[in-house]
Amino acid sequence: MTASLPHQGPWPDDPDRPVEDRRHMIRRRSLTLLIIVLLIGIPAGYLVISANQSRDSGKDKEAKYSATGLTAGWPSKLQRRIYQVPVPHPAWHVAYYETNNWKTSRLYTQFETNAAGLDAYLTGLGVTREDLKQGDVTIGARDRKITGWKFATTGSWYGFVHRQKNPAPTHDVVVDLSNPAYPWVYVVSRTVP
């Protein structure tokens, strides 16, 4: 048998509180429910949105880094700066591919431009059209195999190698001038980390 505990009575000077009416009780409970929903719902919604963005970002990066050949589009500004590949404006059919290992990093880039764009590109490298040597295909067989580039033995191929002191990259450049108004440029930029 449990002994009953004595109940504490009201304070002698405490006036009786009025009984809460139904309208006030509904308003108080609605406000409490709203606060609970806001405290739980907003962070939960944020977590769902953040998880979706993170998952999408991972898929984009996975697609980018699992590429095994040229990818249509411009290299990022960071890649263009690191490898010193100044893709001119205007340029069409831009594609690139980056490889990295402990020994050498390479950025393969191709694009079509106009005559002024070719001059701007060459100026960006610090060379001129006089540095282009006719029939000189400077991109090696290994790099051609990776990118799928095929340079025929006949044609208007011009090339040069732009060597720089480490850690600046070296550029192997081939230019197709079969249509001088719209030349194609193929670049392999190598840097040693």
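Below are the figures for this structure:
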item	result
Solvent-accessible surface (1.4 angstrom probe) belonging to Ile26, in square angstrom, nearest 10	80
Additional length obtainable on full extension of the chain from Arg163 to Trp102, 0.36 nm per residue less Cα span	19.9 nm
Principal axes of segment 97-193: Cα extent on each, largest first, Å	40, 27, 19
Carbon + sulfur, % of accessible area of the chain - ligands and nucleic acids excluded, 1.4 Å	58
Förster radius 35 Å - calculated FRET efficiency between His89 and Leu38, Cβ distance, rounded to 0.05	0.10
Solvent-accessible area per residue, Å², over the chain with all protein chains present [probe radius 1.4 Å]	71
Length added when fully stretched, Ala72-Arg28, from 0.36 nm per residue minus Cα-Cα	9.8 nm
Average silhouette area of the chain, convex hull of alpha-carbon atoms, in square nanometres	26.5
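The values are calculated or read from the model by the stated rules, or taken from the named source; none is laboratory data. These numbers come from a predicted model, not from an experiment. Note: ideal-geometry Cβ built from the backbone for every residue, glycine included; neighbour counts use all protein chains shown. These area figures cover heavy atoms from the full protein model, side chains too; ligands, DNA and RNA do not enter into them. Shrake-Rupley method; radii C 1.70, N 1.55, O 1.52, S 1.80 Å.
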